[in-house]
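None of the figures in this text is laboratory data; all of them are computed from the coordinates on show. These numbers come from a predicted model, not from an experiment. Glycine gets a Cβ as well: all are built from the backbone with ideal geometry, and neighbour counts include every protein chain shown.
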Amino acid sequence: MKLMTLGGLATHLINLLNWQMAIFLYPEFNLSTVPLRREPLETREDVLEEFDANVVKLKKLLAECDENMLGEEWTLRNGDHIILRQPRAIALRTFGFSHMIHHRAQLGVYLRLLDIPLPGLYGPTADEEGK
């Protein structure tokens, strides 16, 4: 399969929040200890409920961290294979935020194909301006 389903993609975005929280909570994240794919959530309400709850948790972790913590080394591994080892701040930016931005853009394509208006991310969209 080349593309995730819409539900799979939405659920993956929730998982990315879990991974971002792991950057703060643990010195490393081992991909071999988590399922490769989580079963997609089935309803819009379930997706929004879990996503919103995770955003609250992540915001709290961000508010509680300091520059020293962000400078600490963090490791992403798959079993014995180290994928990356870098300061938490860089891991959060790349493995967390940039990864999420990439998949959020994919979600935007799905919504466009379903003729669902997109909200503005970096300013108003053509949908909001009535174009």
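The modelled label-to-label distance for the pair LEU107/LEU62, using points 7 Å beyond Cα in the direction of Cβ, is 1.5 nm. Comparing THR75, THR11, THR33 in a Gaussian network model of the chain (Cα springs below 10 Å), the most mobile by mean-square fluctuation is THR33. For Cα Rg over 2.2 N^0.38 Å, computed directly from the structure shown, the correct entry in [x] 1.00; [y] 1.10; [z] 1.17 is [z].
When the Cα gyration tensor is reduced to axis lengths a ≥ b ≥ c, the ratio a/c is 1.5 or higher for the range 21-60, and with a/b not above b/c it is classed as oblate. With each run of n ≥ 4 DSSP H residues scored as -39500 (n - 2.57), what mean residue ellipticity at 222 nm is computed for the chain after dividing by its residue count and rounding to the nearest 500 deg cm²/dmol? One gets -15500 deg cm²/dmol as the mean residue ellipticity at 222 nm.
Projected label points at GLU45 and ILE116, each 7 Å from Cα along the beta carbon direction, are separated by 1.6 nanometres. Springs between Cα atoms under 10 Å define the GNM used for the chain, and in it the highest mean-square fluctuation of MET21, MET69, MET100 occurs at MET69.
The charge dipole of the chain, taken about its Cα centre with unit charges on the Cβ atoms of Lys, Arg (+1), Asp and Glu (-1) only, comes to about 400 debye.
For the chain, the membrane-span-like helices by this rule, meaning whole DSSP H stretches whose C-alpha atoms cover at least 18 Å of axis and whose Kyte-Doolittle mean is 0.5 or above, are 6-25; this says nothing about an actual membrane. Model label sites at ILE83 and ASP52, defined 7 Å from Cα along the beta-carbon direction, differ in position by 3.0 nm.
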